[in-house]
Amino acid sequence: MRTIASDRLLLRPWGEEDADFLLDLESRWDVVRFLGARPTLMNSREDALASIARRCAIDDPIHGIWAITTATDRQLVGNLLLKPIPLSAGEPTGGPTDVEIGWHLHPDVWGHGYATEAAAAVLDDAFDQGLTRVIAVTNPDNRASQAVCRRLGMTRLGRTTRYYDTTNELFEKLAGL
């Protein structure tokens, strides 16, 4: 998986050496409470290692799940994903696969603009590689991620139940816009 750089950040593949950070990040309810239809806390270093293995298993020229670090000192600050999004049960299949972008960062770095900067770098990279549309879904109560979507220039399309078997706010960004 490739590394992507921005002015202040470096997005790189996760490694086993990141397990303690990932456990700290995803064992915090304030971080995971908006992740998926049934948020769960990470409970052990073994869970973190298994999660890292799943993140590293994505072998695709565009999609990935990156560890977000600061460019200067390589301090881990969060997670960013760009991958096909799972449809809710009963949704029609067979059309083009939607690709989602998502992020979660450590509370110690909230408010520094890292989510927006990391997502913008991955969007630019994905569009440069030929992707034409990316979506984001947020819990209706997740105002912070909705603000990131707006800063990224994503268009709010309203509420949907099409993904993750739950109700989300849907945003999209098209290449060239």
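The values are calculated or read from the model by the stated rules, or taken from the named source; none is laboratory data. In this text, all values refer to a predicted model and were calculated from it rather than measured experimentally. All Cβ positions, glycine included, derive from the backbone under ideal geometry; neighbour counts span all protein chains shown. Remember, those area values only see protein heavy atoms, side chains included, never the ligands or the DNA or RNA. Shrake-Rupley method; radii C 1.70, N 1.55, O 1.52, S 1.80 Å.
Once you list every other residue whose beta carbon is under 13 Å from the beta carbon of T97, what net charge do they have if Lys and Arg are +1 and Asp and Glu are -1? Please list the in-between numbers first.
On the way: positive: K83, R133, R162; negative: D60, E91, D98, E100.
Surrounding charge for T97 is -1.
For a paramagnetic label modelled at 7 Å from the Cα of T40 toward its Cβ, which residues of the stretch 1-25 fall within the zone defined by backbone nitrogen distances under 16 Å?
Once the point is set 7 Å along Cα→Cβ of T40, 23 turn out to lie under 16 Å by backbone N, inside the stretch 1-25.
Quick check: with the 1.4 Å probe, what order do M154, M1 take by accessible area, largest first?
Numbers: M154 15, M1 85 Å².
Ranked list, largest accessible area first: M1, M154.
Taking the Cα centre of the stretch 1-144 as the origin, how large is its charge dipole in debye, to the nearest 20, when only Lys and Arg (+1) and Asp and Glu (-1) carry charge on their Cβ atoms? Please report the intermediate quantities before stating the final value.
Values: 13 positive and 22 negative charges, 47 e Å.
Computed about the Cα centre, the dipole is about 220 debye.
Contact order normalised by length for the chain, with contacts defined as Cα pairs under 8 Å and 6 or more residues apart; what percent is it? Let's see the in-between values first.
Numbers: 305 pairs, mean separation 36.8, N = 177.
Relative contact order, the chain: 21 percent.
Where in the stretch 100-144 are there chymotrypsin sites (Phe, Trp or Tyr not before Pro) that are in a DSSP coil and have at most 15 other Cβ atoms within 10 angstrom of their Cβ? Numbers along the way, then the final one.
On the way: sites: W103, W110, Y114, F127; in loops: W110.
The qualifying sites are W110.
When only DSSP loop residues count, what trypsin sites (Lys or Arg not before Pro) in the stretch 16-54 have their Cβ near at most 16 other Cβ atoms within 10 Å?
Numbers: sites: R28, R33, R45, R54; in loops: R28, R33.
Passing both the DSSP loop test and the Cβ count: R28, R33.
(i) 52, 44, 24; (ii) 82, 39, 26; (iii) 40, 33, 31: which one is Cα extents along the principal axes in Å as calculated from this entry?
Computed from the coordinates, Cα extents along the principal axes in Å corresponds to (iii).
Which whole-number percentage describes the relative contact order of the stretch 81-165, with Cα contacts under 8 Å and a sequence gap of 6 or more? List each step's numbers first, then the result.
On the way: 70 pairs, mean separation 34.5, N = 85.
Relative CO of the stretch 81-165 lands at 41 percent.
Excluding ligands, DNA and RNA, what is the solvent-accessible area per residue of the chain at a probe of 1.4 Å, expressed in Å²?
On the way: 8950 Å² over 177 residues.
Normalised by residue count, the accessible surface of the chain is 51 Å².
Over the stretch 116-177, what percent of the accessible surface lies on carbon and sulfur atoms, probe 1.4 Å?
Numbers: 1370 of 2970 Å².
Carbon and sulfur: 46 percent of the exposed surface of the stretch 116-177.
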